[in-house]
Amino acid sequence: MANTSLTFYYLAQHRLSFKTFFFIPTTLALISTLFVLFYISFSTSHLIHFNRHHAHILSVSPKNPPTGSPSFPVSDHNVSKHHLPFVDLSNRSGSGDGGRRSVSQRSAEVDLGSNGNYMNDSEVYHDRDIFLEDYKWMNRSFRIYIYPHKQKDPFANALLPVDFEPTGNYASESYFKKVLMKSHFITKDPVKADLFFLPFSIARLRHDPRIGSPGIQDFIRDYIVNISQKYPYWNRTNGADHFYVACHSIGRSAMEKAWKVKLNAIQVVCSSSYFLSGYITHKDASLPQIWPRQTVPPDLVSSKRKKLAFFAGAINSPVREKLLQFWRNDPEIYVHFGRLTTPYADELLGSKFCLHVKGFEVNTARIADSLYYGCVPVIIANHYDLPFADILNWKSFSVVVATLDIPLLKKILKGISSDKYLLLQRNVLKVRKHFQWHLSPVDYDAFCMVMYELWLRRSSIRLQLSPSIDFS
């Protein structure tokens, strides 16, 4: 009992030292936490300004280490010199201010170049000289290997190009493959290839009664297993130097049973929403959805465009419902749902602005339609990774409006001066050649632009691994 009393007496006399004993590690833990948070914040701020197309590091199977060096050296040519204008407006409006920022803050934010200077929104290219120089290099040396298939293959209809001229809303997928097969970019020597093309057609598989939409995932999984067993190229990089092309939205879910395709391969898709987990910016690329037109683009006269804005389409999304709610009966913004009573082309030719509004997906053919008829596109589709955003300065020929700002649409469009509008339309005429397909490729058309996007993603660092390394 005496010993117990002495113990309590001792603790009472030294309570300050015990508090100090517990205070010191707590303080150290707090300081460490603050240091880690500061480091993360500092690193992230630098990472945001890092080039979108830095060297693509490939995962290499230890069983099949590569024996050769990349076809192209990693150089400054592979580094874009501009911060790219992604349309992530919903994230901005959903920030901590509760969406109270002005329309100019949400829908007209200023981009800064990599050197901190204001970007020139009058120029249609981020850097025209670099683009033209790199384009020549790409056109001269870029090579693609396509896994071979024959007409007698049971799924030749989905693996070989179509034997007719592609048409319809999802023609971009078929056009690309048909033109690629006949182009000078093809090599029959896989050693010389920069990228490997997975030639399956999502659109054709979807309409194949043997596969259909429910069976596409199994088909893709089995196809990857087959090529990985028959050829060494997939295993060498786990698919990081492979790509496929798809325009139908079902392509988004087609890779669910082939996760290495989704995570490693380059996905060139029309449904390029970086809000979705299946699409990975920096790695994947946006394929423009284009309704094919073989006629010469019409002559354009701005003074005949008497309507402020025009939209026609189905009500298949909350965004379009909101557009209809605010502007259905407006005398200047023509919003049509259902079948038009006038020719679609006349409506586009008679409007100053043409609205691209998100439906089931962020993509539609309306942007290409607008450009073809000289109408300035207004993009109302949050999270849309716009086609050719690595090359084109979309702010120079289009207007991006956040979904939140649909009630302010007329104010935004009427706030654009006549001089600014004429500049936008002149730039529309400059870029529309990039949104046209041809059966034989024409320099800077849609096919060549997609090839350039792939070329930007082709450079790889392949690690030379020693077989003696233990990976267990």
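The values are calculated or read from the model by the stated rules, or taken from the named source; none is laboratory data. Only a predicted model underlies this, so the values are computations on that prediction, with no experimental measurement involved. Ideal geometry is used to build each Cβ from the backbone, glycine not excepted, and the neighbour counts take in all protein chains shown. When the accessible area is computed, the model is the full protein with side chains, heavy atoms only, and any ligands, DNA or RNA have been set aside. Shrake-Rupley method; radii C 1.70, N 1.55, O 1.52, S 1.80 Å.
Got a number for carbon plus sulfur as a percent of segment 218-302's accessible area, 1.4 Å probe? Working shown, then result.
Working: 1820 of 3400 Å².
In segment 218-302, the share of accessible area belonging to carbon and sulfur is 54 percent.
Let's see if you can work this out: charge +1 on each Lys and Arg Cβ, -1 on each Asp and Glu Cβ, no other charges. What is the dipole magnitude of segment 123-164 about its Cα centre, in debye to the nearest 20? Can you show the working numbers first?
Values: 6 positive and 7 negative charges, 78 e Å.
The calculation lands at about 380 debye.
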Check: segment 322-470 dipole with +1 on Lys, Arg Cβ and -1 on Asp, Glu Cβ, in debye: 340
Burial-style ranking of 160-168, 287-295, average other-beta-carbon count within 10 Å with highest first, yields 287-295, 160-168
Could you pull out every one of the lysines with an alpha carbon less than 25 Å from that of Lys257, ignoring same-chain neighbours closer than 8 positions? Lys63, Lys177, Lys230, Lys283
Karplus-derived 3J(HN,Hα), 6.51/-1.76/1.60, for each residue of segment 384-396, Hz, glycine and proline x: 7, 7, 5, x, 6, 5, 6, 10, 9, 8, 4, 5, 7
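Could you tell me whether segment 288-340 comes out rounded, prolate or oblate from its Cα gyration tensor? Rule is a ≥ b ≥ c as square roots of the eigenvalues, rounded for a/c under 1.5, then prolate if a/b exceeds b/c, otherwise oblate. Provide the component values of the computation, followed by the final result.
Working: a/c = 2.87, a/b = 1.37, b/c = 2.10.
Cα axes put segment 288-340 in the oblate bin.
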Compute for segment 267-417: radius of gyration divided by Kirkwood radius, i.e. Rg/Rh, restricted to C-alpha atoms, rounded to two decimals. 0.95
So the number of lysine pairs in segment 332-433 with alpha-carbon atoms under 23 angstrom apart, 8 or more residues apart or on different chains, is 21
In order over segment 344-356: 3J(HN,Hα) from phi, Karplus 6.51/-1.76/1.60, θ = phi - 60°, whole Hz, x for each Gly or Pro, gives 4, 4, 5, 5, 5, 5, x, 10, 6, 10, 10, 8, 9
Under the rule a/c < 1.5 gives rounded, and otherwise a/b versus b/c splits prolate from oblate, where does segment 374-443 land using the Cα gyration tensor? oblate
Whole-Hz couplings from phi, Karplus 6.51/-1.76/1.60, listed for segment 150-164; x for Gly and Pro: 10, 4, 7, 4, x, 10, 4, 4, 9, 9, 9, x, 5, 9, 9
Which order do you get for Trp137, Trp259 if you rank them by accessible area with a 1.4 Å probe, largest at the top? Trp259, Trp137
Could you size up the charge dipole of segment 329-382 around its Cα centre, putting +1 on the beta carbon of Lys and Arg and -1 on that of Asp and Glu, and report it in debye to the nearest 20? 100
Name the long-range amide H neighbours of Leu195: under 5 Å, sequence gap of 5 or more, or other chain; modelled H, no Pro or chain starts. Arg143, Tyr145
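In what sequence, largest accessible area first, do Glu321, Glu453 appear using a 1.4 Å probe? Show your work: numbers first, answer last.
Working: Glu321 100, Glu453 5 Å².
Final ranking, largest accessible area leading: Glu321, Glu453.
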Taking placed amide H atoms and a strict 5 Å upper bound, the residues 5 or more places from Gln267 or on another chain that come that close are Asp284, Ala285
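Can you tell me the accessible area per residue over segment 320-472, all protein chains present, probe 1.4 angstrom, in square angstrom? Please list the in-between numbers first.
Numbers: 5950 Å² over 153 residues.
Counting only protein heavy atoms, the per-residue value for segment 320-472 is 39 Å².
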Amide H neighbours of Asn238 at under 5 Å, excluding residues fewer than 5 places away on the same chain, with H built from the backbone geometry, are Ser61
Compute the distance from the alpha-carbon center of segment 245-275 to that of segment 359-391, in whole Å. 19
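Give the relative contact order (percent, whole number) for segment 371-442; include only Cα pairs under 8 Å separated by 6+ residues. Walk me through the numbers on the way to the answer.
Working: 51 pairs, mean separation 32.3, N = 72.
45 percent.
Taking all protein chains together and a probe of 1.4 Å, list Arg339, Arg221 from the most accessible to the least accessible. Walk me through the numbers on the way to the answer.
Working: Arg339 225, Arg221 85 Å².
So, going from the largest accessible area down, we get Arg339, Arg221.
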